[in-house]
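Asks: The structure under discussion is supplied below as structure tokens; questions concerning it will follow.
Where a number appears in this text, it was derived from the coordinates with a stated rule and is not lab data. Here the structure is a predicted model, which is why all the values come from computation and not from measurement. No Cβ is skipped: glycine too gets one built from the backbone with ideal geometry, and neighbour counts run over all protein chains shown.
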Amino acid sequence: MVAVLALVLPALALAHNVAAADRAALAAAHGAQPFIYAYLGAKHMVTGYDHLLFLLGVIFFLHRLRDVAGYVTLFALGHSITLLAGVLGGVHVNSYLVDAVIGFSVVYKAFENLGGFRALFGAALNTRAAVFLFGLCHGLGLATKIQELSLSRDSLLGNLVSFNVGVELGQLLALILMVLLITLWRRSARFDRQAFVANAIIMACGFVLVGYQLTGYFIGART
């Protein structure tokens, strides 16, 4: 597990950062640029390790595609609401703190998958409500990063919608791959034992992300 964390730790810490080339492309984009924004939205999702870890936890033990679609729709709805409202409405939050909450969402879902809530409290939380609420947090985390960019106000709404469409397309591609791999994995006789280890690793990665973001917040508060 230590080796896995060493590999993913740098990626988790930079999960929401926007690459310099992408920053330059967005700063130079004026007017309606649906393809540029959709591409960058899709790129953000497929490289957004915090999003993917949370989604992996959400679908890990779902067997029916209808259930997968239901949970992912709730997440996408929450993600879309705060992404658009945060940027267009000028809702500002501390990026370190919201990203720490996003890391905690990964911890929460893995802990639930491990049966932690039932063991401690004798009952599970309302998973659908939690997925929607954490979706709001994930979208707000992205909104904080977009607010740091020099975006043209011309056609901003349309461009943000295109960005969000790209996010959902990237999410769909990632989900298709994850569902296929998990479906194949379930055929293994060792799935149950390995699933426990996998969710323990997911939870550990969430704690790493929380730790990084809180460290950044407290260091920033002292400077």
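Asks: Which translational diffusion coefficient, to the nearest whole µm²/s, is obtained for the stretch 52-199 from the Stokes-Einstein equation, given a Kirkwood hydrodynamic radius over C-alpha pairs, 10 °C and 1.306 mPa s?
Replies: My calculation gives 96 µm²/s for D.
Asks: For the stretch 170-194 and the stretch 63-129, what is the centre-to-centre distance using only Cα atoms, to the nearest Å?
Replies: Result: 20 Å between the Cα centres.
Asks: May I have the extent of the alpha carbons of the stretch 47-133 along their three principal axes, as whole Å values ordered from largest to smallest?
Replies: Dimensions of the stretch 47-133 along the principal axes of its Cα atoms: 41, 28, 24 Å.
Asks: List the pair-distance distribution P(r) of the stretch 164-223, using every Cα-Cα distance, as the percent of pairs falling in each 10 Å bin from 0 up to the bin containing the longest distance, rounded to whole percents.
Replies: 18, 25, 32, 18, 6, 0
Asks: While we're here: Which order do the peptides 106-114, 189-197, 67-75 take when ranked by the mean count of other beta-carbon atoms within 10 Å per residue, highest first?
Replies: 106-114, 67-75, 189-197
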